[in-house]
Every structure is written in structure tokens, then in C-alpha cells.
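**Q** My structure is below; once you've seen it, I'll send some questions.
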Amino acid sequence: MEDKAMARISAAPTIAALLAAAAPLTPALAQPMPYTPPAERGQQGDDAGRARENYITPYIEIAQVVTSRNVPQNETFTYTRAAVGLDVGTVGARNAGAMSLRYERRFDWGQSDASGDSISGIANGYATVTPGLQFHAGGLATRERFNSSGAAVPSGQFDDEVVQVYSLYAGPVISTQTGDVAVNASYRIGYSRVEQEHARVTTPGEPAGDLFDDSTVHAIAASAAVKPGDVLPVGVGVSGTYYREDISNLDQRVEDAQARATVTIPVAQNVAVSGAVGYETVEISGRDAVRGADGLPVVGSGGNYVTDKTEPRILAYDVDGLIWDVGVMWRPSTRTALTANVGRRYGSTSYTGLFSYQPSRRMAIHLAAYDNVAGFGGQINRTLAGLPTDFTAIRDPFTGDIGGCVASLEAGGCLAGALGTLNSAAFRARGVAASYTFRMGRISTGLSGGYDRRRFIGARGTVLEVVNGKINENYWLAAYLNAEFNENSVFETNLYANWVDSGVTLGSDTKAYGASAAYYRDLTRNLSARAALGIEGMTEPDLPEDFWTASALVGLRYSF
């Protein structure tokens with residue numbers, strides 16, 4: 001752990017290269033069953049219902065920013081921002097994907113914490129290798145602000161409590177038909193990392209909430225099924241999944257394996273019910289930290305506990321036995337679909353479901369309920385793999401950071417719920433996420449919100465025992481409105497709100513709010529001017545008073 005601080009310095013360029021490499025390649029592995037992109041994936045909702053054009057847009061940008069804030073003292077300062085970026089989008093019969101990648105350098109004018117650089121980006125896509133075989137990949141780079149309990153919220157600030165979050169995934173998806181049997185399989189490998197240049201130690205011997213460091217994920221899914229009426233009056237199928245996440249913090253490991261048989265019974269023209277029974281085995285384990293002569297856990301230079309690898313692994317969570325669920329599927333048209341399930345998983349009642357309503361190519365409503373076990377990196381990776389492949393990144397006009405959601409008519413366009421806490425302990429996550437998107441002519445708008453609840457899991461006799469059973473709750477909201485006044489000018493507004501209760505320490509509630517408005521105008525074919533106003537606010541126990549910042553920006557962008 002002591003050497004990791006130096007290793008992180010060289011990680012950013014590597015992650016950026018991998019993000020770029022992932023651009024042409026989609027989601028699909030977030031759900032237990034493999035995902036097959038629908039025929040209309042990637043269509044935009046304008047009045048003519050035209051497919052979105054393929055595009056590759058590199059750019060350079062320079063801007064001057066003025067910021068006023070009240071913490072750590074009332075002050076106003078300015079800095080210059082220079083950036084290079086690349087926006088890519090492609091929609092075709094065999095491939096689809098979108099990417100927004102950006103590197104930014106800030107030059108302070110007497111305010112040292114405003115200087116520095118950052119990488120931000122988001123990418124997701126797929127490429128068809130042969131009929132029935134696709135390769136999916138994606139990546140994320142963004143920044144989050146944390147407090148001593150690990151609660152995380154979006155932030156455009158540049159202080160010691162801001163960390164860089166990276167996540168990458170890739171893997172094949174197979175979908176084929178063997179006679180009457182539909183066979184699907186998928187594999188996903190993922191990697192996530194949190195870089196903290198200045199880990200804050202609140203008291204001697206105790207790191208700042210033991211923030212997540214990095215993890216590797218392997219996820220496998222396979223199924224074989226026959227539709228109702230093909231062989232039998234009912235549909236039958238078998239499926240299995242395996243998930244493993246290795247977390248560097250205290251050598252934690254999450255393993256979740258399950259197999260089941262499912263029967264689907266049509267009860268009406270558009271309605272079917274299903275029942276499944278199977279077996280699961282779920283284990284979460286880890287090691288204790290190295291203890292000093294005084295019995296206190298040793299903290300490395302990177303700010304995390306030093307793992308004691310001389311001691312055996314300790315089980316923190318061990319569930320195995322029969323699982324079951326019953327569900328209903330309703331699909332009255334190609335524009336509306338509902339799936340709702342209730343059953344037993346992870347030793348207790350489990351609820352999951354999906355709802356999608358897209359009455360036209362201009363509007364879409366999506367709702368999802370989930371239940372799973374993972375670490376911070378695995379949850380980010382799972383959500384990243386479920387992102388749309390046709391989207392527009394929503395960025396902070398002042399920092400260029402990725403927002404909590406992307407603009408898309410497809411489902412799964414938000415990461416805000418997965419970013420709610422940076423605590424290193426594994427957890428069981430349950431929650432809901434909903435989104436509404438509307439596009440008509442030159443106007444597009446979106447509203448998303450959700451709730452994420454995590455119960456942390458830590459082994460007895462280890463330093464993580466203190467968080468075992470503690471609950472993190474994250475309520476989040478994100479919205480945007482974009483309007484093209486004419487062919488040469490665009491007006492954009494964004495807002496977000498997060499309410500996070502980490503549950504790890506008393507008084508750990510964190511609330512964050514932000515709103516911005518930006519105006520862009522083309523001066524020539526390649527050169528555009530931009531101006532923006534924004535405000536951010538935050539309340540948390542670590543701050544002596546509410547933290548508010550107001551910013552203004554003017555700048556130029558040249559697109560190639």
C-alpha cells in the first residue's frame with residue numbers, strides 16, 4: 001500500500017488511452033441475462049425520426065473562469081482553463097457507440113488549489129464480430145468529492161477532498177438459435193480505480209473513511225430457453241450467472257453464483273407469468289489490517305489500511321441455499337414493456353423489475369429496480385456496462401466533468417446512484433432509478449432520479465467490523481434542458497441534487513446542489529464562443545458552514 005501513491009501518478013494516461021480504445025465498442029452485462037441491442041437502438045427522437053449521423057469531433061478549448069466561494073474563507077479568484085477533447089458517435093447495423101473524452105489543464109492566478117489537470121470521459125459501444133457474436137466495451141473517468149465517512153457527491157471544486165474515479169469493462173456477448181432453443185452467453189471483465197492525491201487522515205492511525213482503492217471484476221452469464229408454443233404450451237429455460245470481484249482494500253472478495261430453471265406461462269395475449277427455482281452460493285470475505293505495537297491498524301502512505309496477508313481470509317457474509325422468484329411480464333405493444341419479480345435471494349426477500357414506455361421516437365420513460373452484492377468498483381462497472389450506446393455526455397461547463405447522467409432515449413443512462421459512496425467495504429445494494437427524456441425539434445430535456453440503499457458488510461475481528469450492518473442511503477436527482485435558438489446558437493441548462501447519508505458515522509449527512517446555464521454561439525464554421533453561469537452548494541458535518549460557490553466563464557472552442 002505504501003507504494004501505491006507513486007503508481008497512481010502514471011495511471012491517468014493509461015486509463016485515458018483505454019477509454020479512447022473503448023469508443024467503437026456497449027452495454028449488456030449489467031443484467032443477469034445477456035443483452036441484445038434492439039433493431040432501433042441508436043435512433044434519435046427528432047421530428048423526422050432520422051437516424052443520428054456518425055461523427056468524430058476533436059476540439060481544443062480555452063476559457064477564463066471567475067469563482068467566488070465562502071469556504072475556507074470569503075474569496076474570489078480566477079483561473080485559465082485549457083482543454084483538448086474528442087466526441088465520437090456511430091450508429092449502424094453492426095456497430096454502435098458513443099464517447100466523450102477530455103483532458104483539461106488549469107492555470108491559477110494566485111489561487112494554488114485551482115491549478116492542476118484532470119481527465120474525464122465516458123464511452124460505451126459494441127461491434128459485431130460475426131452474426132451472433134458481439135464485443136462490448138466501455139469506460140468512465142470522472143471526479144467526486146468525499147467526506148470522512150466516504151459519502152460522495154458531484155463537485156467542481158479542486159481541493160484535497162476530490163478524487164478521480166476510473167472504470168473500464170470489455171467482453172463478448174453470444175446470442176444464437178439452435179433449433180427451437182435460444183442460447184445466450186456473456187463474459188465481462190472490468191477494472192475500477194479511485195485515485196486520491198491527498199488522502200486526508202482525520203486522526204492519527206485512521207484513514208479518511210478507508211476510501212475504495214481499486215478492484216477487478218469477472219462476470220459470466222449463460223442461458224438456454226424455449227419460447228411458449230414452440231415445443232410446449234409453456235416456455236422453459238435454464239440459466240446461470242457467476243460474479244467475482246477482488247477488492248484491493250483488505251483483500252476483500254465478493255463471489256455470487258446462482259443457477260435456476262424458469263417456466264413462463266402465457267395467461268393473455270400480452271401477459272405472461274413466470275416462476276423460477278434454483279440454488280445460490282454467495283460469499284464475501286477479507287483480511288484484517290496490519291496492527292502496530294499499540295494494536296491500532298497501520299495506515300499506508302496512500303491513506304488506506306495496510307492488509308495483513310499473513311493471516312487467513314475471514315468470511316464476512318456466507319449465504320447458500322434454494323432461491324425462487326415469481327414474476328409477471330406485460331408487453332401490450334412494441335412501445336411498452338413491464339417485468340416485475342419478487343422472490344428470495346441473498347437470504348431474504350428480493351424485488352427487481354423493469355418498465356419502459358416509448359410512445360414515439362421523441363419521448364421515453366424508463367424505470368428499474370435492482371438488488372445485488374458488490375463493491376464500489378463492481379457497482380460502477382455494472383452500471384457502466386448498462387449504459388446506452390447512443391448518448392450525448394452532459395458536462396459541467398466550468399470543469400468539464402461528466403454529470404450523473406447522459407442524454408439518451410435509451411434506458412440505463414445514469415451513474416449517479418452508483419457513485420453515492422466511496423467506502424471500501426463490500427455491500428448489498430437495493431434501489432430504484434427512473435428517467436424521462438423528451439426531444440422535439442430543437443429542444444431536448446431530461447429528468448432522472450433515484451434511490452440507492454447499501455448495507456455494508458465487514459468481517460468480525462477486522463477493522464471493517466465497525467461498518468458491518470451500517471446503511472448508506474443516496475437520493476439523487478438530475479435534469480437538463482437544451483435548446484437550439486437557430487443553426488448557430490445553443491442554450492443549455494443543467495441541475496443536480498444529492499442527499500447522502502453514509503450511516504458510517506454520526507452526523508454524516510451530505511447534501512449537494514448545483515445549477516448552471518451556458519450559451520454557445522458559432523462564430524465561424526469551426527470556431528465557437530461560450531459563456532456560462534453556475535452555482536453549487538454543499539452541507540456536511542465536516543464543514544463549519546454551508547459551502548457555496550458561484551462561477552462565471554467566457555471562452556472559445558475550435559472544432560476540427
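**Q** Within the range 453-468, can you find the residues that are of a type in the set (D, E, K, R) and buried (at least 24 other Cβ atoms within 10 Å of the Cβ)?
**A** Initial filter on the range 453-468 (of a type in the set (D, E, K, R)): 453-455, 460, 465.
Across the range 453-468, the qualifying residue is only Arg454.
**Q** Can you name every residue in the range 260-294 that is among the hydrophobic types (A, V, I, L, M, F, W, C) and under 30 Å from Asp230 (Cβ atoms)?
**A** At the first step, the residues of the range 260-294 found to be among the hydrophobic types (A, V, I, L, M, F, W, C) are 261, 263, 265, 267-268, 271-273, 276-277, 282, 284, 289-290, 293.
Those that are among the hydrophobic types (A, V, I, L, M, F, W, C) and under 30 Å from Asp230 (Cβ atoms): Ala261, Val263, Ile265, Val267, Ala268, Val271, Ala272, Val273, Ala276, Val277.
**Q** I'm trying to understand the selection: among the residues of the range 239-269, which are modelled with pLDDT of 95 or more and small (Gly, Ala, Ser)?
**A** Ser239, Gly240, Ala257, Ala259, Ala261
**Q** Considering the range 239-260 alone, what residues qualify as being crowded, with 20+ Cβ neighbours inside 10 Å and on the phi > 0 side of the Ramachandran plot?
**A** Hit for the range 239-260 is Leu250, nothing else.
**Q** Residues that are at pLDDT 80 or above, more than 16 Å from the chain's Cα centre (by Cα) and more than 18 Å from Leu387 (Cα to Cα): does the range 133-147 have at least one?
**A** yes
**Q** Looking at (1) out of contact with any Lys or Arg (no Cβ under 7 Å at 6 or more places or on another chain); (2) in a strand (DSSP E or B), can you tell me which one Ala459 breaks?
**A** Of the numbered conditions (1) out of contact with any Lys or Arg (no Cβ under 7 Å at 6 or more places or on another chain); (2) in a strand (DSSP E or B), the odd one out for Ala459 is (2).
**Q** Right, next: Any residue at all in the range 401-420 that is of a type outside the set (A, V, I, L, M, F, W, C) and at pLDDT 95 or above? Let's see the steps before the verdict.
**A** Going through the range 401-420, the residues of a type outside the set (A, V, I, L, M, F, W, C) turn out to be 401, 403-404, 408, 410, 412-413, 417, 420.
From what's left, at pLDDT 95 or above: none.
No; the residues of the range 401-420 include none that is of a type outside the set (A, V, I, L, M, F, W, C) and at pLDDT 95 or above.
**Q** Of all residues in the range 38-78 being of a type in the set (Phe, Trp, Tyr) and under 30 Å from the mean Cα position of the chain (by Cα), which is modelled with the highest pLDDT?
**A** Within the range 38-78, the first condition is being of a type in the set (Phe, Trp, Tyr), and the residues that meet it are 55, 59, 77.
Now narrow it down to the ones that are under 30 Å from the mean Cα position of the chain (by Cα): 55, 59.
Details: Tyr55: 91, Tyr59: 97.
Residue satisfying both the conditions and the ranking: Tyr59.
The values are calculated or read from the model by the stated rules, or taken from the named source; none is laboratory data. All values reported here derive from a predicted model rather than from experimental measurement. Note that each Cβ is placed from the backbone with ideal geometry, even for glycine, and that neighbours are counted across all protein chains shown.
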